[in-house]
Amino acid sequence: MKYFPESAPVQLEFDKVKVLLQEHCKTELGKQMAEELRLHTHIDYVKTALQQAHEYKQLVLIQQHFPNDHVLNLKQELRLLEIQGAVLAGEQFMQLRKLAESMNSIVRFFDTDRRVTYWGLYSLIKETHYEKKIVSQIDEVLDETGQVRDNATPELAKIRTNLFRKRTELRRVFDRILGKLQKQGYLADIEESFLNGRRVVAIFAEQKRMVKGILHGESDTRRTAFLEPEETIQLNNEVFSLERDEQREVYAILKNLTAEMARHQGLLQQYHTILGIYDFIRAKARLALDINGNYPMLVPHAQVHLVEAYHPLLLLYNRKQGKPTIPVNMTLNKDNHILVISGPNAGGKTVTLKTVGLIQLMLQAGLLVPVHPSSQLGIFRNLMIHIGDTQSLEFELSTYSSHLKNMKYFMENANGKTLFFIDELGSGSDPNLGGAFAEVIMEELARKHAFGIVTTHYLNLKIMAGKVKGIVNAAMGFDEENLLPMYKLLIGKPGSSYTFSIAQRIGMDPALINRARKLVDDGHFRLDKLLNKAEQDLQKVESKEKELQKLLKENERLKKEYEILSDKERVQQQYTLLKLQNKIREEEIIYLKDMERKLKQIVFEWKRTDDKAKVIKQAEALLFRKKEKSINEKLQKKVQDKFVELAGEIKVGDRVKIRTNNQVGKVTELRNKSAIVQIGNIPINVKMSDLVLVQERQKVE
């Protein structure tokens, strides 16, 4: 992306975003990529970069581990592999092993499903492969601590075996000498030590001539002398010689292993680069989580449609201060591609302008941006900015001269792929003359189909939006009652500067305010007052609309709760009915099993006894009870169909049902715990607990 002037990214505070990104990087390559972050104009590149950051962010959110834990800065080791004859140390080989193992873990992470789900992250390793030989060759030579194995070569195994034997022999001889000197009282507190790679004993300085051997040195106090006993000199020489042989063999082994690794240098360099890129992507995901960054919709044409867009740095600052941040909602498209923002000073015009500019820079750098995912953003090839006092000391230009020089560049180079930002267009000159030039500049930029945002106090620029195609007004909301900016962008109407309102609210002398009003053109004053009133009326309408929306949401919530309760009640009724049906079935099964058992008993009695008549009577009695029960059930159903049970106290003359046989009659007399019920012409004495008050269904209906 081309930008004008060169300081445009700094003016939009893009450098501060890069610093935040660097802080999340762990590798040198990741930090370098963050520092050298470039702006791209190819939509496919931007899509891939955003997709990768989005995928890593999703992994973090669902707590899915991605295997790039190790921080590996192996630039020096990989450079040594390019130098013929270079030798890496054991620790350096272990770092290369970690690099290969990390790549193996990443390759294994991308199973068939993840290759599709996280295609952006997978694309980084699609053209590479994991080479098993790298790890196996290192493991053949080095153990897990990075030390050369005894069996790395037959020669090393032989040297170390001899070295072990000689050291064992030396230790035995040395222990014998120490015991002897201990008895003689020659040993100092240190007893033994190593000097110049030789094993020596520590004896009192005054006794040093009493022990034969080579004097290697004395302590700082000169009270202790370090001496190599005569008996161990030859053994020390042999151990020293074997150690030198071991060092030479280890060096040769490591040199040979370095040559083996040099064959994989290109692949290892590729691994190192891939891990650095993954670290950079992780940093982008972490930054996105800090600033609520999302992946907006990318469109192939020039467009800026922002939904709930935040200035990332302001969002972080306000969050620390415990303050809310007001989002920006706005649209620039082919029909309305220039936005003129007006309103009082310190109302948020410049912040809004910078928010849009910084979000566009971040997007084209492949960073997730703090907007709602439904936002739609296009790709621009040029970005031009004019913010604040751009007076040029080098060319001795005044503020307005510098302003015009920049505007000249804007008009000559702008096109349909240009996004520009101008803060206080026309300022620094006579209001009438500066306003006239500002109109010409706006018309030219609109004619060239450039996209941009302009902030101004000029009334003629506010009026332009209704006359020039492509230019639309916007205002920053202002609470006139409390004299506080609302930092809210209102599209479609110009804003008042609230000059006289602010003066009146702060208590300025009314006479001075009236004098100032008389000096202002009457039409100009009335228009500003009209804008003031229109803005306040709009705020009241929006407030009422919010209240209405709140009530609608509450109504919707109550409706959903009612539906949930209705569903629960319906389920409960179904459950109760099913439970009752199951109970009836259980009783039927119990009854049938009892009948089956009794019938089997009757059959058994029939076979066993000679008194067949007795058995027949038993069977008749059993079958009659079944028939009686069937009759009772039919009667109960008939009564239920004709009568409905009622709650209440039973009195003389009431119609009641007898629970035991389902017969219905009339109460003729009440006694202590019973009642006389007339069933047809027959009076029956029934317990009160067996009676229930009933009424014919037709009468109830």
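The values are calculated or read from the model by the stated rules, or taken from the named source; none is laboratory data. Quick caveat: nothing in here was measured; it's all calculated off a predicted structure. Ideal geometry is used to build each Cβ from the backbone, glycine not excepted, and the neighbour counts take in all protein chains shown. Only protein heavy atoms, including side chains, enter the accessible area calculation; ligands, DNA and RNA are left aside. Shrake-Rupley method; radii C 1.70, N 1.55, O 1.52, S 1.80 Å.
Taken over region 71-80, the criterion of being open to solvent by less than 40 Å² (accessible area, probe 1.4 Å), assigned to a helix (DSSP H, G or I) and in contact (Cβ under 8 Å) with a residue 40 or more places away in the chain is satisfied by Leu78 alone. With the requirement that a residue be open to solvent by 60 Å² or more (accessible area, probe 1.4 Å) and within 21 Å of Ile291 (Cβ to Cβ), what does region 59-70 give you? Those that are open to solvent by 60 Å² or more (accessible area, probe 1.4 Å) and within 21 Å of Ile291 (Cβ to Cβ): Leu61, Ile62, Gln63.
Filtered by the rule that a residue be on the phi < 0 side of the Ramachandran plot, modelled with pLDDT under 75 and open to solvent by 40 Å² or more (accessible area, probe 1.4 Å), region 175-192 gives Gln182, Asp189, Ile190, Glu192.
For Lys18, the stated conditions hold: it is open to solvent by 40 Å² or more (accessible area, probe 1.4 Å), touching an Asp or Glu at 6+ places or on another chain (Cβ under 7 Å) and in a helix (DSSP H, G or I). Does Leu215 satisfy the condition of being modelled with pLDDT under 80, under 16 Å from Lys180 (Cβ atoms), in contact with a helix residue (DSSP H, G or I) (Cβ under 8 Å, 6 or more places away or on another chain) and assigned to a strand (DSSP E or B)? Against the criterion (modelled with pLDDT under 80, under 16 Å from Lys180 (Cβ atoms), in contact with a helix residue (DSSP H, G or I) (Cβ under 8 Å, 6 or more places away or on another chain) and assigned to a strand (DSSP E or B)), Leu215 does not qualify.
Does region 386-407 contain any residue that is modelled with pLDDT under 90, of a type in the set (Phe, Trp, Tyr), open to solvent by 20 Å² or more (accessible area, probe 1.4 Å) and not in a strand (DSSP E or B)? Looking for residues that are modelled with pLDDT under 90, of a type in the set (Phe, Trp, Tyr), open to solvent by 20 Å² or more (accessible area, probe 1.4 Å) and not in a strand (DSSP E or B), one finds at least one in region 386-407, hence yes.
Among the conditions (1) aliphatic (A, V, I, L, M); (2) open to solvent by less than 50 Å² (accessible area, probe 1.4 Å); (3) at pLDDT below 90, the only one that Ile463 does not satisfy is (2). Looking only at region 655-674, residues that are over 24 Å from Arg697 (Cα atoms) and not in a loop (DSSP other than H, G, I, E, B) come to 3 in all. Within region 249-283, the only residue that satisfies the criterion of being in contact (Cβ under 8 Å) with a residue 60 or more places away in the chain, under 22 Å from Val107 (Cβ atoms) and basic (Lys, Arg) is Arg282. Among strands (runs of 3 or more DSSP E) entirely within region 254-355, having at least 1 residues that are open to solvent by 40 Å² or more (accessible area, probe 1.4 Å) singles out 304-309, 328-332. Each residue in region 107-136 was checked for being of a type outside the set (Lys, Arg) and farther than 15 Å from Leu267 by Cα, and 14 pass.
Is there a residue being touching a residue at least 40 places away in the same chain (Cβ under 8 Å), loosely packed, with under 14 Cβ neighbours inside 10 Å and more than 18 Å from Arg172 (Cα to Cα) anywhere in region 208-220? Among the residues of region 208-220, not one is touching a residue at least 40 places away in the same chain (Cβ under 8 Å), loosely packed, with under 14 Cβ neighbours inside 10 Å and more than 18 Å from Arg172 (Cα to Cα), which makes the answer no. Tell me, which helices (runs of 4 or more DSSP H) wholly within region 81-167 include 3 or more residues that are free of Cβ contacts under 8 Å to residues at least 60 places away in the same chain and open to solvent by less than 40 Å² (accessible area, probe 1.4 Å)? Once the helices (runs of 4 or more DSSP H) in region 81-167 are filtered for at least 3 residues that are free of Cβ contacts under 8 Å to residues at least 60 places away in the same chain and open to solvent by less than 40 Å² (accessible area, probe 1.4 Å), what remains is 90-109.
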